[in-house]
Amino acid sequence: MPRLAYVIGHPIRHSLSPVMHNAAFAACAIDGEYRAIDLMPEQVADWLTELRGSNAYGCNVTVPHKEMVARLVDDVAGDAVLAGAVNTVCRHPTDSRRLVGINTDTIGFRRSLAEEGGISCQGQHVVLLGAGGAARALAVVALQDGAAELVVVNRTEARAEVLLASLNALVGPCRTRAVALGDPTLEAELASATLVVNATSVGLGSTELPADPASVSTGCMVMDIIYNPRATAFLIAAARAGAHTVGGLGMLVHQAGAAFEQWTGVRPPVEVMRAAAEQALSIPA
Ligand code: ATR
């Protein structure tokens, strides 16, 4: 009987996590199996109780459950405490009956930015589009890694203000501000940015733009955490303005790799996981 791991979310049909993790189990000759479970919010607490009593490795957590799971697990650790969001549930190292919530989106973002963009957030003037669960993890990295400025831009400005206020202890010398998406200053904010990241859901499976990146400067790094389509309309427009661009697949693969390592203790075969995700993306839905 294979040992199980899961991803929970709603909707979950298009998740690439099962193909990545099952490819990793096979490549590492681990008798494991990864399954996607579609859960409505009201089902999550009972499902976690079942998970606690099983021998499964744990689960990944995706939209819209990341913040709720942070309140339902027995312990929250690492970056998940700061982000207020859990994307991976594993077992306590000395008490397997306790479920621990961690966040590997921060690791995924940091590794993808280094590997594909060749940079870190150190000294960057960051413009972060979005203030949801994903944006929170990215803001944690920007502040931990020493961004010089962090501008959080969101359709609902109050949510950007709440995000920044909740990370106040991390801010240090970083200059932070919240800006509304339609604000006339946004063009100038984008023009002076050195790193712009889309962490909204705008552009997922569509050609919509979260904001017009035409004013970004030549050489600015622009990242989109959306990986489907691989080249989002936002990245295409940013490249046209002279920016370097990084898509979201690397972050997806690295957050998965970090979760796999946490569960199995085995170094993740990230290239196998990336190839499995790329292949799945190339098959029309
Ligand atoms: P996730 O966990 O993926 O971050 P989320 O918490 O629902 O998901 O956050 C989605 C983000 O995309 C938010 O910043 C949201 O803006 P609001 O806080 O104003 O809701 C943003 N977003 C979603 N749809 C949007 C749209 N049509 N236009 C602009 N921003 C949008």
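The values are calculated or read from the model by the stated rules, or taken from the named source; none is laboratory data. Only a predicted model underlies this, so the values are computations on that prediction, with no experimental measurement involved. Every residue, glycine among them, receives a Cβ derived from its backbone with ideal geometry; neighbour counts consider all protein chains shown.
I'd like the residue in the stretch 111-136 that is near the ligand (Cβ under 8 Å from one of its atoms) and within 22 Å of A191 (Cα to Cα) and, out of all such residues, is nearest to the chain's Cα centre (by Cα).
Residues of the stretch 111-136 near the ligand (Cβ under 8 Å from one of its atoms): 129-136.
Going one step further and asking which of them are within 22 Å of A191 (Cα to Cα), we end up with 129-131, 135.
Working: L129: 13, G130: 12, A131: 12, A135: 8 Å.
Here the answer is A135.
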*asked:* Looking at (1) touching a strand residue (DSSP E or B) at 6+ places or on another chain (Cβ under 8 Å); (2) within 16 Å of the ligand (Cβ to nearest atom); (3) not hydrophobic (A, V, I, L, M, F, W, C); (4) not in a loop (DSSP other than H, G, I, E, B), which one does E67 not meet, given that it meets all the others?
replied: (1)
_Selection count where residues are modelled with pLDDT of 95 or more and either more than 20 Å from V141 (Cβ to Cβ) or hydrophobic (A, V, I, L, M, F, W, C) (or both), scope the stretch 171-202_ = 21
*asked:* Residues that are crowded, with 21+ Cβ neighbours inside 10 Å and of a type in the set (V, I, T): does the stretch 265-274 have at least one?
replied: no
_Pairs where the first residue, in the stretch 267-285, is modelled with pLDDT of 95 or more and the second is buried (at least 19 other Cβ atoms within 10 Å of the Cβ) and not in a helix (DSSP H, G or I), C-beta under 6 Å, 6+ apart_ = A277/L16; A280/L16
*Among what's in the stretch 193-211 and is under 18 Å from H244 (Cβ atoms) and more than 10 Å from the ligand (Cβ to nearest atom), pick the residue that is surrounded by the fewest Cβ atoms within 10 Å (Cβ to Cβ).*
T194
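Looking only at the stretch 50-63, count how many residues are in contact (Cβ under 8 Å) with a residue 60 or more places away in the chain and surrounded by fewer than 19 Cβ atoms within 10 Å (Cβ to Cβ).
Restricting attention to the stretch 50-63, the residues satisfying the condition of being in contact (Cβ under 8 Å) with a residue 60 or more places away in the chain are 57-58, 60, 63.
Now restrict to residues that are surrounded by fewer than 19 Cβ atoms within 10 Å (Cβ to Cβ): 63.
Residues flagged as in contact (Cβ under 8 Å) with a residue 60 or more places away in the chain and surrounded by fewer than 19 Cβ atoms within 10 Å (Cβ to Cβ) within the stretch 50-63 amount to 1.
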_Considering only the stretch 165-177, I want to know if a residue exists there that is within 16 Å of the ligand (Cβ to nearest atom), free of Cβ contacts under 8 Å to residues at least 12 places away in the same chain and not charged (D, E, K, R)._
yes
*Answer yes or no: is there a residue in the stretch 44-59 that is in contact with a Leu (Cβ under 7 Å, 6 or more places away or on another chain), more than 23 Å from G250 (Cα to Cα), in a strand (DSSP E or B) and more than 16 Å from the ligand (Cβ to nearest atom).*
no
*State all residues of the stretch 137-163 that are near the ligand (Cβ under 9 Å from one of its atoms) and touching a Ser or Thr at 6+ places or on another chain (Cβ under 6 Å); if no residue qualifies, say none.*
A137
